[in-house]
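Chemist: Here's a structure for you.
The numbers here are math on the coordinates, done by the rules we state, and not lab data. Because the structure is a prediction, the values reported are computed rather than measured. We place every Cβ from the backbone using ideal geometry, glycine too, and count neighbours over all the protein chains shown.
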Amino acid sequence: MTDTLKGKPKVLDSIPASFILTDTHTRILYVNQQAEVFFGYAQKELEGQRLRILFLEDDLLYFLPNIVFLTRYKNGFEGEVLLKQKDGTRIFVHLSTSCFREGGEAFLTFYFQEIQRLKVLEKERMEMERWAGLGRMVGEIAHQFRNPIASIGGYTRRISKDLPRSSKCRPHFQQILKQTGRLENILKRVEEYVQIPRPAFQREKIQRLVENVLPKLSPKAQEKEASFRLDTRGLEGDGQLFIDADLIGKALGHLLENSLQAIPPKAKKGPKKIVDLALFDDGDHVGVSVVDRGAGISKKNLSLIFEPFFSTHPGRVGLGLTFVRRVMEEHRGRIRVDSRLKKGTTVTLYFPKDRRRKVRREWVSPEAMEKEGS
C-alpha cells in the first residue's frame, strides 16, 4: 500500500489538505507534501512515527483513542482538533477520518484542513477592537462627566455647610448631592460593563471564592437586617474550576446586591431575613445558586432583566445582571433565573467543570476502552 501511494505523489500532493495514512495502530505510513508544510516535519521524520506525535499530551488518554475507535469501528470522526507542529506551535484544524481495507489489511486516513479559524479569530479581533473602542469612548465620556459632577457635588457641600440648619433650601441641596452620587455610580457601572477585561483563567476553589465575597457584602446586609447562609453539602470534592476569580467575584457581588435589594424591610418582631447560597455539582457543572424571598419578578419583566439599564427599583442602574451574563458567557457557562411574584427569586450560575469537549476527556463508549486495551 505504501509503495502504491508513493507512486502517485502528484495526485496526493494536489489534495488541498494535509493527508496522512496510518495502519490500525496509527503508525504513519505515508504523508503528503501539504502535511509536511503544515506540521513542519519532513516526510521521513513522520513516516514510521505514531500519530500521537501531532497530538497534545492532554489528548493522548481519551481524545486520540476515541478518534481511532470511531474511525475503525464507526463512521469516522469529523470535527475541530487542536494539534501541535514540530516547533510546538498549537494549531486548530478540521479533521476528517475514514477507514478502508485493501489486501486483507485495514488502513486509516486522516485529512487535516485549515478551518475558518482565521475568520473566527478575525471576528473575535474585530469584536475586541469594537469593545476596546467603546471602552475608550466611555472612559473619555466618563472623564468629561465626572469632573463637572464632582464640582457640582463639591460646591453643593460647601454651600450646604454655610446654610442655617433651618433653611428651607437644605433639602434641595441634599437632593442635588444624592443625584450627583447616583450619576457617579452610573458612570462607574457603565465603565465596569464596557471595560470588562479578557478573563485570566486559573484553577480556583469555588467555595473559597464565595466565602471571600460574602464579607464584602456584610455591611449592606446589616443595613437590611439580613444575613447570608451558605450550603456546601451539594458540592463534591474541592469544587475546583478554571475561572477568573476577580470577574466571578464581581458577578457574585452583583447577584447578592440584587438579592438584598429585593427583600423587604424586616418587621419589628419578624425573623431576620436570609439570603441563601448553595454550591452544588450536577456531574458536568459546578453551580452557585442565590435565593431571596423577596417580591419576585413578573413574567413580563423576567424577559427583560438582562437588558442594559433595566431595573424595577427606582434609583438602580440596571447593569448588574447584564454584567453577570457577559461574564458567564466569557466562561462558557450559563445563568438561569427562576422567580415567582411574592415568593422570591433564584439565580443559578452553571460553570463547566471541564472546558474541554466530552470526547477529549472520557471514553465515548466502554467498547472504545476495550478496543484500546486490546
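Chemist: Quickly work out the Asp282-to-Lys178 label distance, labels modelled 7 Å from Cα along the C-beta direction, and quote it in nm with one decimal.
Modeler: Once both label points are built, they end up 4.2 nm from each other.
Chemist: Further question on the same structure: Over the stretch 2-115, how many percent of alpha carbon pairs lie in each 5 Å bin up to the one with the longest distance?
Modeler: Computed distribution, short to long bins: 2, 12, 23, 28, 21, 10, 3, 0.
Chemist: Still on this structure, I have one more. If you look at just the Cα atoms of the stretch 133-240, how large are its Rg and its Dmax in Å?
Modeler: 21.0, 63
Chemist: Report, as a whole number in µm² per second, the diffusion coefficient that Stokes-Einstein gives for the stretch 200-374 at 10 °C and 1.306 mPa s using the Kirkwood radius over alpha carbon pairs. Write out the running numbers ahead of the final one.
Modeler: Values: Rh = 17.6 Å.
D, rounded to a whole number, is 90 µm²/s.
Chemist: Taking Cα pairs under 8 Å and at least six residues apart, what relative contact order does the chain come out at, in percent? Could the numbers behind the result be given before it?
Modeler: Working: 564 pairs, mean separation 47.6, N = 374.
About 13 percent, as a whole number.
Chemist: Based solely on C-alpha atoms, express the radius of gyration and the Dmax of the stretch 181-259 in angstrom.
Modeler: 14.6, 44
Chemist: Would you kindly state how much longer the chain becomes between Met137 and Lys342 on full extension, computed as 0.36 nm times their sequence separation minus their alpha carbon distance, in nm to one decimal? Kindly include the intermediate steps, with their values, before the conclusion.
Modeler: Working: separation 205, 0.36 × 205 = 73.80 nm, distance 4.12 nm.
69.7 nm is the gain from fully extending Met137 to Lys342.
Chemist: Here's a follow-up. Where does each of 289-296, 172-179 land if you order them by average Cβ count within 10 Å, highest first? Mind dumping the intermediate values first?
Modeler: Numbers: 289-296: 19.4, 172-179: 13.6.
For the peptides 289-296, 172-179, the packing ranking is 289-296, 172-179.
Chemist: Whose amide H sits under 5 Å from the amide H of Asn32, counting only residues 5 or more places off or on another chain, with H placed in the peptide plane?
Modeler: Answer set, sorted by chain and number: Phe19.
Chemist: As a quick test, which of the pairs Lys188/Lys224; Lys86/Lys123; Lys178/Lys343; Lys220/Lys342; Lys86/Lys205 have an alpha carbon distance above 25 angstrom in this structure? Before the final figure, lay out the partial values.
Modeler: Working: Lys188/Lys224 23 Å; Lys86/Lys123 28 Å; Lys178/Lys343 32 Å; Lys220/Lys342 22 Å; Lys86/Lys205 36 Å.
Those over the limit are Lys86/Lys123; Lys178/Lys343; Lys86/Lys205.
Chemist: Based on the mean of other beta carbon atoms within 10 Å per residue, what is the order of 20-28, 245-253, most packed first? Could the numbers behind the result be given before it?
Modeler: Numbers: 20-28: 17.8, 245-253: 20.4.
Output ranking for 20-28, 245-253: 245-253, 20-28.
Chemist: What does the charge count around His285 come to, taking other residues whose C-beta lies under 9 Å from its C-beta (Lys +1, Arg +1, Asp -1, Glu -1)?
Modeler: Cβ neighbours under 9 Å give a net charge of -1.
Chemist: While we're on this one: Can you show me the helix-derived [θ] at 222 nm for the chain, built from DSSP H runs with n ≥ 4 at -39,500 (n - 2.57) apiece and divided by the number of residues, rounded to the nearest 500. Don't skip to the end; give the middle numbers.
Modeler: Working: 13 runs with 166 residues, N = 374.
Roughly -14000 deg cm²/dmol at 222 nm, from the helical runs in the chain.
Chemist: Follow-up question, since we're still on this one. Can you give the FRET efficiency for Ala42 and Arg332, using 1/(1 + (r/R0)^6), R0 = 45 Å, r = Cβ-Cβ distance, to the nearest 0.05? Show your work: numbers first, answer last.
Modeler: Details: r = 38 Å, r/R0 = 0.85.
Once rounded, the FRET efficiency stands at 0.70.
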